[in-house]
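> Below you'll find the structure I mean.
The values are calculated or read from the model by the stated rules, or taken from the named source; none is laboratory data. Computed from a prediction, not measured in an experiment: that's the story for all the values here. Ideal geometry is used to build each Cβ from the backbone, glycine not excepted, and the neighbour counts take in all protein chains shown. Ligands, DNA and RNA are excluded from the accessible area calculation, which covers all protein heavy atoms including side chains. Shrake-Rupley method; radii C 1.70, N 1.55, O 1.52, S 1.80 Å.
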Amino acid sequence: MVIKTKKAFIIFAILSAFTFPYLYLPLILSYDFFSSLIPGWHTAIYPYPLLPALIKFLLLILVSLFYWKLAKFKNEINFKKFIIHFLLTVPGIIFSKVNLYQLLYSDSAEPKNFMFEIQTVVYIRVLANILFFLGLILFGIYYKKLRK
């Protein structure tokens, strides 16, 4: 089974467009973002969710570029390898967009349950990021084999 390389390029281009952190665009373009070097009450910047989203966005743009370069000399690629790459990439994107703390929230005020929720969210995000980067590594190996 094969898939057209241009379709793979389009799928990953759409995936990278979905990954872009649109919620932070007003923050980046606002005056407060640029004046945040001066400490004060108005300089509340939350870089933690922005940085992983930007890294994943840039990496997916790079993957899309490599699929586009692949389309220049190879018309079709192995569907099984593409779907493995896609399925390894998607959880990292979904879990970077979803607020897991709201999904796993419970009314319990016990510190033990609270710590369990935090650990669960951390484990889910770490696993999703490992899968994301594993997909990138497997794609890189597959790309090098195709280039030879």
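> Taking the criterion of being part of a helix (DSSP H, G or I), touching a residue at least 24 places away in the same chain (Cβ under 8 Å) and among the aromatic types (F, W, Y), would at least one residue in the stretch 89-109 satisfy it?
Within the stretch 89-109, one or more residues are part of a helix (DSSP H, G or I), touching a residue at least 24 places away in the same chain (Cβ under 8 Å) and among the aromatic types (F, W, Y).
> Run down Y48, Y105, Y31 and say which single residue is at pLDDT below 90, open to solvent by 80 Å² or more (accessible area, probe 1.4 Å) and touching an Asp or Glu at 6+ places or on another chain (Cβ under 9 Å).
Going through Y48, Y105, Y31 in turn, the sole match is Y105.
> I would also like to ask the following. Does K56 satisfy being of a type in the set (D, E, K, R), at pLDDT 75 or above, surrounded by fewer than 17 Cβ atoms within 10 Å (Cβ to Cβ) and not in a loop (DSSP other than H, G, I, E, B)?
Answer is no for this residue.
> Would a scan of the stretch 111-131 turn up a residue that is small (G, A, S), open to solvent by less than 50 Å² (accessible area, probe 1.4 Å) and not in a helix (DSSP H, G or I)?
no
> Just to be sure I understand, how many residues within the stretch 65-88 are charged (D, E, K, R) and part of a helix (DSSP H, G or I)?
Count: 4.
> Hey, could you check the stretch 138-148 for residues that are surrounded by 12 or more Cβ atoms within 10 Å (Cβ to Cβ) and among the hydrophobic types (A, V, I, L, M, F, W, C) and say which is nearest to F73 (Cα to Cα)?
Once the filter is applied, the top-ranked residue is L146.
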